[in-house]
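What follows is a single structure, written as structure tokens, with notes after it.
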Amino acid sequence: MSLNTSNSNYFQQMTPKKLVEITIKKGQGQLTNSGSLAINTGKFTGRSPKDRFIVEEDITKGVLNWGEINISISSENYRKLKDDILKYLEGKEIYTRFANAGALKKYQLRLEVITEYAWSNLFAYNMFIRPEEKELENFRKDWTIIDAPGFMADPGVHGTRQSNFAILSFSEKTVLIGGTGYTGEIKKGIFSALNFILPTEHDVLPMHCSANVGKNKDTAIFFGLSGTGKTTLSADPNRKLVGDDEHGWTPEGQIFNFEGGCYAKVIDLDKKSEPDIYNAIHVGALLENVIIKNGEVDFKDISITQNTRVSYPINHIDNIQVPSVGENPENIFFLTADAFGVLPPVSKLTKNQAAYHFISGYTSKIAGTEAGINEPVPSFSACFGEPFMPLHPTIYAEMLSEKIERSDANVWLINTGWTGGAYGVGSRIKLEYTRAMVNAILDGKLDKTYSYEKYHIHSVFGVAQPRSCPGVPDKVLSPRATWDNDEAYYTAAFKLSNAFRINFAKFESYANEEIRRGGPQRFDF
Ligand SMILES: Nc1ncnc2c1ncn2[C@@H]1O[C@H](COP(=O)(O)OP(=O)(O)O)[C@@H](O)[C@H]1O
Ligand SMILES: C=C(OP(=O)(O)O)C(=O)O
Ligand SMILES: [Mn+2]
């Protein structure tokens, strides 16, 4: 069964202005003083990983890393869900648009995004790459996204866990989303598809990272799980933004954005510390789950969710790379939001430590980005983006190691999480310090070669921690020095190093001896 596009309620390629008008006319959103549209995504204000399924079929059967990350659903249940969604949409006003994913034509997916709500289609306009007029004349789509938040699955009939779901079918090249209005499912559905297609068909490494380019054409990439700082740290007025979340690294050494916009957290957003994101919020931007008072957004009010968001086309940022493609990655940052407050705020990794940390992906799930996470939860998310990686993490890790070898890029571990104690005792490290560390590295002010005078090898984690960094008090660089009790610090540090060892056990058979040596050096007193 397919969607009958003949009916009068099928609105194609609608302009953002029209989508905003319809949303307001239907009482589904409101305009803020900046001219942005503010909507609520309903019951779901974050991703629901337990309800993300991939159809088990010939293409995926023996290939995918099946388990609690990549949950399988049968073709029959997929078929029933798809038929029932299309029946549900029959006769409704629906919005569709053609869009592209991938700034390099050679690796691009052409999409049709079909949405029940006008504002979901505005999200697709903001976040995917907008095709040129001439492309739209005979647009031949590869993938289809059907997003119907109002359609509720019946687990007894459709084989889902509950009424919401996000399902990928690689044979039908379709993403089905229902029962949830959270727009992140739309972009992450295609991201997951690319994370399977690009390595298997093109030897391109897909990455959950942001990227920007410096004045001497040096590209920096920032890996990190949701909420760790990819969008915030890549928005740097002195560097051209390539993208804030999803990129590919090609065999030819290019870094290209999958998307055409940015999806930023706006919790506690303030103009002084994040001017680029703040100034991007104007006509055309789509605010999610914020509280508006007298037309102004109260960024501190998180009474609906801590995952308040804004999406905007990338050209809402002044200093951007056009097209969204960079070259020669020189510095790679792994952003970890350490809720235990024991990892150094900045440290330099050897190549083996880089492979070990990439496979481990230690971070914390930040409150809000996943349903049910209301405070930072330390977790190991391989590749710093495990929920979106259909293949085994070591496949991506091997590709990254090979590219680091070839490009000789430096790899840095940046803790954008807690300092002076664990979450609840310490405080999140100041953004100005994190920016100072990143800038010092990008400006070549932090020596790249280890020497005793410049670096201290952390006694538990074995990473090289700089003794000083412009713009950052020396004390902040040593996590132990920020705690007021050495014994408490080392107890927490050994606990975390033990957690690394226990987590890494699942990769023992995959990782060679050198990579294993990249892990923490000590595990207990
Ligand atoms: N030291 C820090 N470094 C980076 N981000 C920080 C820091 N302290 C607080 N934050 C906040 O953390 C959030 C990071 O969100 P974002 O950059 O959108 O993450 P991501 O793009 O990785 O999903 C922002 O709200 C930012 O203001
Ligand atoms: C959108 C999300 O995160 P990110 O900001 O990393 O894209 C998400 O995890 O739902
Ligand atoms: Mn982001």
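Residues in segment 254-274 near a label at Ile291, defined as backbone nitrogen under 15 Å from the 7 Å Cα→Cβ point?
Correct set: 267-269.
Provide the per-residue ³J(HN,Hα) series for segment 393-408, in order, calculated from phi with Karplus coefficients 6.51, -1.76, 1.60 and θ = phi - 60°, each as a whole number of Hz, with x at glycine and proline positions.
x, 5, 5, 5, 5, 5, 5, 5, 4, 5, 6, 5, 4, 5, 8, 6
Arg435: accessible area at probe 1.4 Å, nearest 10 Å²?
50 Å²
Does anything in segment 392-410 have its amide N under 12 Å from the 7 Å Cα→Cβ label point of Lys217, and if so which residues?
Zone members listed by number: none at all.
What is the local net charge at Leu136, summed over the other residues whose Cβ is closer than 12 Å to its Cβ (Lys, Arg +1; Asp, Glu -1)?
For residues surrounding Leu136, the net value is +1.
Using the Kirkwood radius built from alpha carbon pairs, what does the Stokes-Einstein equation give as D for the chain at 4 °C and 1.567 mPa s, in µm² per second?
D = 55 µm²/s.
Between segment 437-503 and segment 19-93, how many Å separate their Cα centres?
41 Å
At q = 0.25 Å⁻¹, what log₁₀ I(q)/I(0) does a Debye calculation on the Cα points of segment 430-525 give, no solvent, two decimals?
Treating every Cα as an identical point scatterer, log10 I(q)/I(0) equals -1.21.
Which order, highest average first, do 248-255, 352-359 follow once you tally other Cβ atoms within 10 Å for each residue and take the mean per peptide?
With the highest mean Cβ count within 10 Å placed first, the list reads 352-359, 248-255.
How large is the convex hull of the C-alpha atoms of segment 312-458 per residue, in Å³?
In segment 312-458, the Cα convex hull volume per residue is 154 Å³.
Considering just Cα atoms, how many Å³ per residue does the convex hull of segment 15-152 enclose?
Taking only Cα atoms, segment 15-152 has a hull volume of 161 Å³ per residue.
Work out, step by step, the length gained on full extension between Ser2 and Val283: first 0.36 nm times the residue separation, then minus their alpha carbon distance; give nm to one decimal.
This chain segment gains 97.7 nm when fully extended.
Put a dot 7 Å past each Cα toward the Cβ at Asp408 and Ser427; how far apart are the dots in nm?
According to this spin-label approximation, the distance is 4.2 nm.
For Arg522 and Asp270, compute 0.36 nm times the residue count separating them, minus their Cα-Cα distance, and round to one decimal in nm.
Additional length available on full extension: 86.7 nm.
Can you compute 3J(HN,Hα) from phi for each residue in segment 251-259, using the Karplus curve 6.51 cos²θ - 1.76 cosθ + 1.60 with θ = phi - 60°, rounded to whole Hz and x for Gly and Pro?
Each residue of segment 251-259 in turn: x, 7, x, 8, 10, 10, 6, 7, 10 Hz.
Rank-order 229-236, 178-185, 104-111, 263-270 by packing density, defined as the average count of other C-beta atoms within 10 Å over each peptide's residues, highest first.
178-185, 229-236, 263-270, 104-111
What per residue convex hull volume, in Å³, comes out for segment 475-525 when only alpha-carbon positions are used?
It comes to 81 Å³ per residue, whole-number rounded.
Cα extents of segment 74-227 along the three principal axes, largest first, in whole Å?
The Cα atoms of segment 74-227 stretch 57, 35, 29 Å along the principal axes, largest first.
Please work out the ratio of the alpha-carbon Rg of segment 193-285 to 2.2 N^0.38 Å and round it to two decimals.
Here the answer is 1.14, to two decimals.
What 222 nm value per residue comes from the helices of the chain, counting each DSSP H run with n ≥ 4 as -39,500 (n - 2.57) and dividing by all residues, nearest 500 deg cm²/dmol?
Rounded to the nearest 500, it is -8000 deg cm²/dmol.
Once label points are set 7 Å from the Cα along Cα→Cβ at both Asp443 and Phe139, what is their separation, rounded to one decimal in nm?
Those two pseudo-labels are separated by 4.4 nm.
Please list, by residue number, everything in segment 98-118 whose backbone N is under 18 Å from a paramagnetic label point 7 Å out along Cα→Cβ of Glu132.
Those under the cut-off are 98-111.
Taking 7 Å along the Cα-to-C-beta vector as the label spot, tell me the Glu57-Lys454 distance in nanometres, rounded to one decimal.
Roughly 5.3 nm, to one decimal.
Could you look at segment 287-364 and say what percent of its accessible area is carbon and sulfur, using a 1.4 Å probe and all protein chains?
The computed percentage sits at 48.
Per 0.36 nm of contour for each residue apart, how much would the distance between Asp301 and Glu487 grow if the chain were fully extended, relative to their Cα-Cα spacing?
Working it through step by step, the gained length comes to 63.2 nm.
Could you give the spread of the C-alpha atoms of segment 246-340 along their three principal axes, from largest to smallest, in whole angstroms?
That gives 51, 39, 22 Å along the principal axes, largest extent first.
Ranked by accessible surface with a 1.4 Å probe, highest first, in what order do Val377, Val322, Val242 come?
Reading off the accessible areas and sorting them downward yields Val322, Val377, Val242.
Just to verify a number: FRET efficiency for His202 and Tyr88, C-beta to C-beta distance, R0 = 51 Å, to 0.05?
For R0 = 51 Å, the calculated efficiency reads 0.90.
Mind grabbing the base-10 log of I(q)/I(0) for segment 368-443 at q = 0.25 Å⁻¹? Debye formula, identical points on the C-alpha positions, no solvent, two decimal places.
Log-scaled intensity ratios, in q order: -1.15.
Using the heavy atoms of the protein chains and a 1.4 angstrom probe, tell me the accessible area per residue for the chain in square angstrom.
Per-residue accessible area for the chain comes out at 38 Å².
The values are calculated or read from the model by the stated rules, or taken from the named source; none is laboratory data. Quick caveat: nothing in here was measured; it's all calculated off a predicted structure. For neighbour counting, all protein chains shown are included, and Cβ atoms are generated from backbone atoms with ideal geometry for every residue, glycine included. Note: accessible area is taken over every heavy atom of the protein model, side chains too, but ligands, DNA and RNA are not part of it. Shrake-Rupley method; radii C 1.70, N 1.55, O 1.52, S 1.80 Å.
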